[in-house]
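The values are calculated or read from the model by the stated rules, or taken from the named source; none is laboratory data. All values derive from a computational prediction rather than experimental measurement. Here the Cβ positions follow ideal geometry from the backbone for every residue, glycine too, while neighbour counts run over all protein chains shown. Accessible surface areas use protein heavy atoms only, side chains included; no ligands, DNA or RNA. Shrake-Rupley method; radii C 1.70, N 1.55, O 1.52, S 1.80 Å.
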Amino acid sequence: MAFAPPGPEASFFDALERHRASLLAAAKTGAGESPAGATRLASSFDDSVGLQMIPQCTTKRIKSDSPKSVKKFALILKILSMIYKLVQSNTYATKRDIYYTDSQLFGNQASVDNIIDDISCMLKVPRRSLHVLSTSKGLIAGNLRYMEEDGTRVQCACSATATAVPSNIQGIRNLITDAKFLLIVEKDATFQRLLDDNFCSRMSPCIMVTGKGIPDLNTRLLVKRLWDAFRLPVFTLVDADPHGIEIMCIYKYGSMSMSFEAHSLTVPTIRWLGLLPSDIRRLNIPKESLIPLTKCDHMKLDSILKRPYITYQPFWRKELEMMADSKMKAEIQALTFLSADYLSRVYLPNKLRFGGWI
């Protein structure tokens, strides 16, 4: 069932359909992303899942009889008792709700967040199983509708107004879409610009999501849920800089801090659609529109190049090395040098039509 005006002709999606067919075939055979001849590294990385916690990893010990640990231990017991009540009553609370039950005792929100993550890791269960939710900051737009846990029907639209990502992804049901692809947009400003340019409607049927920078847990869970339910091709649109690449890696491979939950958060089939460093050269973006890499950028870039999953992504490595050699980075907005709507009118449609992803 379609939820938006007709988009491009069916032939426009040929490359996407071939890509989806290859993803479905790989899913059936259980194939990973290892290039031919690659050696699997003895690390916490699995190319079919992402970054995972390993048995030999560093552990944290909290002693109940140690003066240094007594407060931390007391706070853990306090939050465990609250979690027990939530589970027993089948109700949910956000981390913010827990903090405000006794803000003076907890001191700051970060201490609550860290303890909840520790408890989740210790019990080896997802945070949502503790009935503790994160406040969502992400947005979604496009050809999707679903029902929330309380029975509220939500219909996302290809309009200038996006829908907030639900706080309880596990509770949503009856998801329906006929989308051909899912586009993850790094920044809210770019996401809003695409909506204003009617990109979502012109490329219908499709779904767009943004985590407004580093994605919150719910946005990552939603992307994973959509992949599991529909096996849609998933692409990322990020700045051609180490920070944007880091965000893309979080969606695709996860983060070390949440590695114990990688199986429910990562989508290793995600592809890098743009902005590629090679696109900057190919489109002759002037140097005046680029930004020099900072010392922090160089350190981040070096760190990414050393990560185990880059072994499985030779095309990514080539792009990262190109960035390092040029010593320059670019925001997506650099494309406005070509025209104000070049991103939505030319760049993204051509990338999607002709398979310009890696």
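Quick look at the values:
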item: Cα-based helix-to-principal-axis angle, 295-305 vs the chain, degrees rounded to 10; result: 90 degrees
item: Folded to 0 to 90 degrees: helix 14-29 orientation relative to the chain principal axis, Cα; result: 40 degrees
item: Whole-number percent relative contact order across the chain, with pairs defined as alpha carbons under 8 Å at least 6 apart; result: 20 percent
item: Rounded to 10°, Cα long-axis angle of helix 217-230 versus longest principal axis of the chain; result: 60 degrees
item: DSSP-loop trypsin sites (Lys or Arg not before Pro) across the range 200-276, with at most 14 other Cβ within 10 angstrom; result: Arg231
item: Cα-based Rg and Dmax for the range 77-156, where Dmax is the largest Cα-Cα distance (Å); result: 14.9, 45
item: Distance cut-off 14 Å, percentage of C-alpha pairs in the range 304-358 lying past it; result: 67 percent
item: Protection proxy ranking of 78-86, 7-15, 191-199 - average other beta-carbon atoms within 10 Å, highest first; result: 191-199, 78-86, 7-15
item: Unsatisfied cross-links (Cα-Cα over 23 Å) in the set Lys252/Lys295; Lys137/Lys327; Lys212/Lys327; Lys72/Lys252; Lys295/Lys318; result: Lys252/Lys295; Lys137/Lys327; Lys212/Lys327; Lys72/Lys252
item: The range 139-354: antiparallel DSSP beta bridges as a percent of all, rounded to 5; result: 55 percent
item: Alpha carbon convex hull of the chain, volume per residue in cubic angstrom; result: 163 Å³
item: Net lengthening on full extension, Leu105/Arg282 (0.36 nm per residue, minus Cα-Cα); result: 58.1 nm
item: Apportionment of accessible area to carbon and sulfur, the chain, percent (1.4 Å); result: 54 percent
item: Å² of accessible area per residue within the chain, as computed with a 1.4 Å probe and no ligands counted; result: 48 Å²
item: Gap separating the Cα centres of the range 298-352 and the range 261-281, nearest whole Å; result: 10 Å
item: Rg to Rh quotient for the range 167-290, alpha carbon positions, Kirkwood Rh; result: 0.98
